[in-house]
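Okay, structure first, notes after.
Read-outs throughout are calculated quantities, based only on the coordinates presented, and are distinct from any laboratory measurement. On a predicted model such as this, the values are computed, not experimentally measured, just so you know. So basically every Cβ, Gly included, is an ideal-geometry build from the backbone, and we count neighbours across all protein chains shown.
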Amino acid sequence: MIVLGLSLVSSVLWGLSDFLGGVAARRTRVLRATALSYVAATVVLLGAALVVPGTFSQAALSTGVVAGVATMVGFLTFYAAFAAGSMGVVSAEVAVLQSVVPVAVAVTVGGEQLAPTGWLGVALAVGAGVLLGLGGEEGRGRISRTALTFGAVSGVSFGVAVVSLDAAPSQAGVLPATVEAVVGLVLLGALVLASARSRRVAAAVAVLDGDGAGSGGRATGLALGSGVVLGLANALLLLALARGALAVVAVVIALYPIGTVVLARFVLHERLHPRQTVGIGIALVACGLLALS
């Protein structure tokens, strides 16, 4: 129950963080929104590392570095997908892939057994991905291939990050997540500097913004708020992974689109095509079945 509680709270916080970060990415450059979010998340996790007991080791460092690189790629493409398409569709697509990757690793490498309900969940997840990829009518859940591609890269990257954090020593506390945030922040800082000095890098980074960044607005506050919530979510995720099975924790965490979808529907008034609504529902059912397996 402790593992389930930690996973569910982390999932809710992830959903809120994704919504705040997604809105920020629509109002400013994706790279800027991601960097600001990472600054806040790093501060939170550094504070958590001082409070939560943990033993530093080479394994804690290496798993954190791998997770840091994967998560940075995941967030850049995640916010890019949000900037280019519907939050509800993108978050569901990312969640499906994010849960399938750790389950596949847990079964094939870790030797964890998957019950029949788990395999049903995998099949439903694939079907949900197909439904999410089907375009809706103009202005009604229509989503570009660019958004779907960015979403696919993001989902796989987040899945790899979860697998890496799960491999961290249980006595490391939140140190691997802290290393993850610091590594991501350093890489993002280097990318910001490179884009400022090189037109080619700037042009490559601009691809993430799709049709162009928004006018700004409250983007800074939203991005920083997203990072604060993200830092808390990642700390709880690592604590859950240290106590529970990878396959179960990963798919419970992947229920976070519920919060993102609800907020996007009622705050941003996003409209979805009926088949995509069904796809989101199937994706969430698939995550639930995987959790029960």
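Give me D for the stretch 1-107 in µm² s⁻¹, whole number, from Stokes-Einstein with Rh from the Kirkwood sum over alpha-carbon pairs, 25 °C and 0.890 mPa s. After rounding, the answer is 158 µm²/s.
Just so you know, the averaged projected area of the alpha carbon convex hull for the chain sits at 14.2 nm².
Which of the three applies to the stretch 142-185, rounded, prolate or oblate, going by the alpha-carbon gyration tensor with a ≥ b ≥ c and a/c under 1.5 meaning rounded?
Because a/c hits 1.5 or more and a/b exceeds b/c, the stretch 142-185 counts as prolate.
At R0 = 25 Å, how high is the FRET efficiency between L50 and R243 if r is their beta carbon distance? Nearest 0.05 is fine. For L50 and R243, the calculated efficiency is 0.75. For the stretch 143-293, taking the reciprocal of the average inverse distance between every pair of different Cα atoms yields a Kirkwood hydrodynamic radius of 18.1 Å. Note on the stretch 37-98: Rg/Rh from C-alpha atoms, Kirkwood Rh, equals 1.08. Note on the stretch 171-260: semi-axes of the ellipsoid equivalent to its C-alpha gyration tensor, largest first and rounded to whole Å, are 31, 18, 13. Within the stretch 163-184, whose backbone N sits under 16 Å from a point 7 Å along Cα→Cβ of A59? Under cut-off, by backbone N: 163-177.
Taking amide H as placed 1.01 Å from N in the peptide plane, H273 has its amide H under 5 Å from the amide H of G141, each at least 5 places away in sequence or on another chain. Ranking T34, A95, L45 by how far each Cα lies toward the positive end of the dipole of the chain (charges on Cβ) leaves T34 at the top. When only the Cβ of Lys, Arg, Asp and Glu is charged (+1, +1, -1, -1), the dipole of the chain relative to its Cα centre reaches about 700 debye.
Rounded to the nearest 20 debye, the dipole magnitude of the stretch 146-288 is 240 debye, with +1 charges on Lys and Arg beta carbons, -1 on Asp and Glu beta carbons, and the Cα centre as origin.
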